[in-house]
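**Student:** I'd like to ask you about the structure that follows.
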Amino acid sequence: MSWAAFADSDAFRTLTKRGPGRALLRSRPVSELDLIRKRLHTTRRSDHASEHFDRVTTFCAFVGHNKSGSSLCSALLDAHPEIVLSDEVDLLRYVERGFRRDQLFALAARGARAEARKGRITARRLEPYSYAVAGGSQGRAPQPRVVGDSTTGTSTRRFGSDPYLWTRITVEVRPARATLLHVIRNPFDPISVMMVRGHRSFANSIDHYFDACETLARIRRQVAPSQFHEVRYEDLVATPRDTLRAMCTFLGVGTTASYLDACAAVVAPRPAPRRAMVEWTQPWITTVEDRIAEHDFLKGYSYDC
């Protein structure tokens, strides 16, 4: 069995996510060793492949909440022949640790290739399914114009704890333009997943969700409108071609009918609402809807729509 196959196996995931390996792999010594390894690897890779990133004009990071559709957006965009977009590489961690532009891009490219090899499988702890796009360029854009990563919840928390992170990003990726994609989904769905996956209470999950909304509101004030694009998951499901075309236009790349059609075929027309995973009572529904009203970017959402 290859290392890539072993790392994607159920046994390895159990060991590192829930088993005895979890504490070890999340320890500071192991984390620091991993940073050193990646710094050396990406230094060699970026030195040898710097021309590969010569045409990059846009760097794209994601913000928002986990389980809101960012993996779907990432997979569809990565299928574009001029976009390299990894999923959950946490590139902003490496920005904070001083990685250079081409090192960041090399990490994104490596992550996109790894996801493509695994078939762009997502929701492993719920109902695993694939976002592989037939005939797409997932993991293999030869001359990318857009590079980025779709880590969402962790990126939002990093922005919340570091008020200068956006400035560092914009400086580090020059001459490329730094951009943010904010993927939004009906709050009842990610809150419900948070409760099931994290074994959280209603109160804890709701507070956690809306604490992140406060951070998102600050981010939206900090970033210029030309560098910020909002995507509603429900729009992507209802009108995948139009929504994806708008994302690509924002990122500075064109689209073809064949690309849009292939991506649209991956999007489930009626995904099951995750809020059905939890038995919501009216007092908690009212609590969430009252807090939704505090944020203009959540306008229009309720338990029923």
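**Student:** Assuming 1.306 mPa s and 10 °C, estimate D for segment 83-126 with Stokes-Einstein, Rh taken as the Kirkwood radius over Cα pairs, in µm²/s.
**Tutor:** Values: Rh = 11.2 Å.
The Stokes-Einstein estimate is 142 µm²/s.
**Student:** Do any GluC sites (Glu not before Pro) in segment 140-235 lie in a DSSP loop with no more than 16 other beta carbon atoms within 10 Å, and if so, which?
**Tutor:** Of the GluC sites (Glu not before Pro), not one in the loops of segment 140-235 has a Cβ with at most 16 other Cβ atoms within 10 Å.
**Student:** With every protein chain kept in place and ligands, DNA and RNA left out, what is the accessible area per residue of segment 157-222? Probe 1.4 Å, answer in Å².
**Tutor:** Each residue of segment 157-222 exposes 44 Å² on average to a 1.4 Å probe.
**Student:** For a test of the definition: using alpha carbon positions, the gyration tensor, and the 1.5 limit on a/c, classify segment 68-172 as rounded, prolate or oblate. It would help to have the intermediate numbers written out before the result.
**Tutor:** On the way: a/c = 2.38, a/b = 1.39, b/c = 1.71.
Oblate shape, in that a/c is at least 1.5 and b/c is the bigger or equal ratio.
**Student:** How large is the convex hull of the C-alpha atoms of segment 254-305 per residue, in Å³? Could you put the intermediate results ahead of the total?
**Tutor:** Details: hull volume 5.7 nm³, N = 52.
In segment 254-305, the Cα hull volume divided by residue count equals 109 Å³.
**Student:** Continuing with the same structure: Which ³J(HN,Hα) values, rounded to whole Hz and listed in residue order, are derived for segment 246-259 from phi using the Karplus coefficients 6.51, -1.76 and 1.60 in 6.51 cos²θ - 1.76 cosθ + 1.60 with θ = phi - 60°, glycine and proline given as x?
**Tutor:** 5, 5, 5, 4, 4, 7, x, 10, x, 9, 10, 4, 5, 5
**Student:** Tell me the per residue accessible area of segment 87-146 using a 1.4 Å probe; a whole number in Å² is fine.
**Tutor:** On a per-residue basis, segment 87-146 sits at 43 Å².
**Student:** Further question on the same structure: Could you tell me the largest-minus-smallest coordinate of the C-alpha atoms of segment 143-291 on each of the three principal axes, in descending order and whole angstroms?
**Tutor:** Extents along the principal axes: 50, 40, 24 Å.
**Student:** Something else: Pop out the carbon and sulfur fraction of the accessible area of segment 262-305 as a percent, whole number, probe 1.4 Å.
**Tutor:** Of the solvent-accessible surface of segment 262-305, carbon and sulfur hold 53 percent.
**Student:** For segment 78-187, what does the relative contact order come out to in percent, with C-alpha contacts under 8 Å and a separation of six or more?
**Tutor:** 38 percent.
**Student:** For segment 157-200, which chymotrypsin sites (Phe, Trp or Tyr not before Pro) are in a loop by DSSP, counting at most 11 other Cβ atoms within 10 Å?
**Tutor:** Sparse-neighbourhood loop chymotrypsin sites (Phe, Trp or Tyr not before Pro): Y164.
**Student:** Based on the alpha-carbon gyration tensor of segment 219-302 and its eigenvalue square roots a ≥ b ≥ c, which shape applies: rounded if a/c is under 1.5, prolate if not and a/b is larger than b/c, or oblate?
**Tutor:** Oblate, since a/c reaches 1.5 and b/c is not below a/b.
The values are calculated or read from the model by the stated rules, or taken from the named source; none is laboratory data. Only a predicted model underlies this, so the values are computations on that prediction, with no experimental measurement involved. Because the Cβ atoms are built from the backbone with ideal geometry, glycine has one as well, and the counts that use them run over all protein chains shown. Side chains are part of the model used for accessible areas, which takes the heavy atoms of the whole protein and leaves out ligands, DNA and RNA. Shrake-Rupley method; radii C 1.70, N 1.55, O 1.52, S 1.80 Å.
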